[in-house]
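Read-outs throughout are calculated quantities, based only on the coordinates presented, and are distinct from any laboratory measurement. Predicted model, so just to flag it, every value in this text is computed and none were measured. When we count neighbours, we look across all protein chains shown, and the Cβ atoms used for this are built from the backbone with ideal geometry, even at glycine.
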Amino acid sequence: MRRKVFTFFITLAIWIVFSGRITDDVIFVGLIASFITTWLYSDLLFRSTNRRKNWAFYFKKFFYIILFIPVFFYEAFISALKVSKHVFEKKPSFSPGIVKVKTTLCNVTALTILANLITLTPGTLTVDFDMRERAFFIHWIDVTTAKEAEMRKQIIERFEGWLEVIFQ
Amino acid sequence: MIITMAIILVILAMINSYRLIVGPTITDRLIAADTIIIFISLVILLIALYINIELLIDIVLAYAILLFVDVLIFAKYFEHKELYK
Amino acid sequence: MGIRLIIAYIFMGGAIFFAIVTTIGLIRFPDVYTRIHASAVVLTISAVMLSFGVAIYVWEFYLSIKIMFVGLIFLITNPLATHAIARASYRRKIACPEVRSVDDYSKYLGRDRE
């Protein structure tokens, strides 16, 4: 029941932001539309949990999400600069290869965001994910080392701490 | 200033169509089409700023989501080609 | 011309610079996968920066949130789409990487096919 109430208010807020103004008819149509959406699809947005944490836990999570967004933008911007350095070389020099990197996360959403972050960091591109061994296959533009630990340190260790706190 | 940026983006999209026509494999063509569509949607955003019509922003939003679904469908089709015969 | 418009123009100019970099990279790079790199990273940052610049230029509450939402959609969906393209083109052998110093993925695919 609490899940449906949350879904209803979130869809109503998105409707109001997209319509751009608050008048009577906009609120009326939005109430009907978000009621239908909640009634049909409310189990897609949140998953049901068995045990319930207190409010401070969720507040800490939300705070870390807010703090994580500037880190995301900063990493993406630096990576774009590093790739554009490769563009202006006279003859682009690479030594590409596909490496395998294991991870310790187990939440599906955290894995998706980690794959996105790996794609946005310089010179790496996620190709596939192995579900049995929990390993990413990453196409790397400049393979500098072949050891597993150093690869982990260079590619994913910066983000795992953040994502482990947020999606636990 | 804004209209200059829009013109630059259109010219870049035209240059990108070289990769769309010549590209040796199908992946190059897909990447080039993706790039061109994103450039054109950014041009629509700039034009909405230039002539003050808010409705074009909704069109950009729908365009972005449709682009994502489009590319995903193409990629899945090329991956599992024998299923769709 | 206030300080806000100057910040907006800086964002838009950076976006145009990254768009030019994307085009040059897409024309010049020698391999399919390196072209995917140029398209995934630099193009995403270009789209996000241009939408942020437009959002700062407009500076109304609802409209700015909507335009920032456009940038957020580009930031989330474009790496996913390029990842799907790369995976499909590797699995179907449409294009293979030129220099393979390390290649763990072909071993994984061979094990999977048995």
**C-alpha long axis of helix A:55-87 to longest principal axis of chain A, angle in °** = 40
**Prompt:** How large is the helix-only mean residue ellipticity at 222 nm for chain B, computed as the sum of -39500 (n - 2.57) over DSSP H runs with n ≥ 4, divided by its residue count, in deg cm²/dmol to the nearest 500?
**Reply:** -30000 deg cm²/dmol
**Complete:** Computed over chain A: longest principal axis from alpha-carbon atoms vs helix A:108-120 long axis, angle to nearest 10 degrees, is 50
**Message:** Could you work out [θ]222 nm for chain A from helices alone, using -39500 (n - 2.57) per DSSP H run of at least four and dividing by all its residues? Round to the nearest 500 deg cm²/dmol.
**Reply:** -21000 deg cm²/dmol
**Asked** Taking the radius of gyration and the Kirkwood hydrodynamic radius from Cα positions alone, what is the Rg/Rh ratio for chain A, to two decimal places?
**Response** 1.09
**Request:** Could you state the orientation-averaged shadow area of the convex hull built on the Cα atoms of the stretch B:2-80, in nm² to one decimal?
**Result:** 5.3
**Message:** Taking each residue in A:58-64, count the Cβ atoms of any other chain within 10 Å of its Cβ, then average. What number comes out?
**Reply:** 0
**Message:** For a protection proxy built on the mean count of beta-carbon atoms within 10 angstrom, sort B:29-36, A:78-85 highest first, please.
**Reply:** B:29-36, A:78-85
**Complete:** Hydrodynamic calc, the stretch C:3-113: Kirkwood Rh from Cα pairs, then Stokes-Einstein at 4 °C with viscosity 1.567 mPa s, so D in µm² s⁻¹ is 81
**Request:** Would you be so kind as to identify all helices of chain C, as entire DSSP H runs, whose Cα atoms reach 18 Å or more along the helix's own axis and whose mean Kyte-Doolittle hydropathy is at least -1.0?
**Result:** C:3-28, C:43-58, C:61-91
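Divide by every residue of chain C the summed helix terms, -39500 (n - 2.57) for each DSSP H run of at least 4, and state the resulting mean residue ellipticity at 222 nm, rounded to the nearest 500 deg cm²/dmol.
That comes out to -26000 deg cm²/dmol.
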**Asked** Which distance in nm do the two modelled labels at A:Phe77 and A:Glu150 give, with both placed 7 Å along the Cα-to-Cβ direction?
**Response** 3.1
**Complete:** Given C:59-70, A:103-114, C:24-35, the highest-first ranking by average Cβ count within 10 Å works out to C:24-35, C:59-70, A:103-114
**Label-point gap, in nm, between A:Phe18 and A:Val108 - each point 7 angstrom along Cα→Cβ** = 2.3
**Asked** How many partner chain Cβ atoms sit within 10 Å of a residue's Cβ in peptide B:13-19, on average, as a whole number?
**Response** 3
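What's the average, rounded to a whole number, of partner chain beta-carbon atoms within 10 Å of each residue's beta-carbon in A:118-126?
Taking the mean over all residues of the peptide, I get 5.
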**Prompt:** What is the P(r) of the protein assembly as shown, as percent of Cα-Cα pairs per 20 Å bin from 0?
**Reply:** 26, 57, 17, 0
**Asked** Mind ordering C:36-47, A:65-76, A:115-126, B:42-53 by average Cβ neighbours within 10 Å, highest first?
**Response** C:36-47, A:115-126, B:42-53, A:65-76
